[in-house]
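Novice: Here's a structure for you.
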Amino acid sequence: MQKWIGDGRFTRDPELRHLASGMAVCSFRLAVEGRAWRDKDNNLIRDTQFLDFEAWGKTAEFIQGNFTKGDPIII
């Protein structure tokens, strides 16, 4: 398990599916602003990373029911 705390925006609507056991699984991708730096001309450059996530059970159902593409979220 990895621990990460951050914020981002949904790049597409979350996708909910159910396993044969009935467990809900929600897959989604977030655009997360990474590090920032200045180039040689002192322009601010920001690095965007795209991270994939999965949520399970009630959390999966909550995310699918309450978030859409472009919405911000803190994980």
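Novice: Can you pull out the residues in region 51-73 that are outside any helix (DSSP H, G or I) and either within 11 Å of the chain's Cα centre (by Cα) or polar (S, T, N, Q) (or both)?
Specialist: Within region 51-73, L51, D52, F53, E54, A55, F67, T68, K69, G70, D71, P72, I73 qualify.
Novice: State all residues of region 20-35 that are part of a loop (DSSP other than H, G, I, E, B) and either touching a strand residue (DSSP E or B) at 6+ places or on another chain (Cβ under 8 Å) or in contact (Cβ under 8 Å) with a residue 40 or more places away in the chain (or both); if no residue qualifies, say none. Walk me through how you get there before you give the answer.
Specialist: First, the residues of region 20-35 that are part of a loop (DSSP other than H, G, I, E, B): 20-23.
Matches in region 20-35: M23 only.
Novice: Anything in region 21-50 that is open to solvent by less than 50 Å² (accessible area, probe 1.4 Å), under 15 Å from the mean Cα position of the chain (by Cα) and not polar (S, T, N, Q)? List them, or say none.
Specialist: Once the filter is applied, which keeps residues that are open to solvent by less than 50 Å² (accessible area, probe 1.4 Å), under 15 Å from the mean Cα position of the chain (by Cα) and not polar (S, T, N, Q), region 21-50 yields V25, C26, F28, L30, A31, V32, G34.
Novice: Could I ask something else about it? Going through region 55-75 one residue at a time, which ones are loosely packed, with under 10 Cβ neighbours inside 10 Å and either within 12 Å of T11 (Cα to Cα) or in contact with a strand residue (DSSP E or B) (Cβ under 7 Å, 6 or more places away or on another chain) (or both)?
Specialist: Within region 55-75, the subset loosely packed, with under 10 Cβ neighbours inside 10 Å is 58, 74.
The one that is loosely packed, with under 10 Cβ neighbours inside 10 Å and either within 12 Å of T11 (Cα to Cα) or in contact with a strand residue (DSSP E or B) (Cβ under 7 Å, 6 or more places away or on another chain) (or both): I74.
Novice: Is there a residue in region 5-20 that is of a type in the set (G, A, S) and surrounded by 10 or more Cβ atoms within 10 Å (Cβ to Cβ)?
Specialist: Yes; the residues of region 5-20 include at least one that is of a type in the set (G, A, S) and surrounded by 10 or more Cβ atoms within 10 Å (Cβ to Cβ).
The values are calculated or read from the model by the stated rules, or taken from the named source; none is laboratory data. These numbers were taken from a predicted model, which means no experiment stands behind them. Methodologically, a virtual Cβ is constructed for each residue, glycine included, from the backbone with ideal geometry; neighbour enumeration extends over all protein chains shown. What goes into the accessible areas is simple: the full protein's heavy atoms, side chains included, and nothing from ligands, DNA or RNA. Shrake-Rupley method; radii C 1.70, N 1.55, O 1.52, S 1.80 Å.
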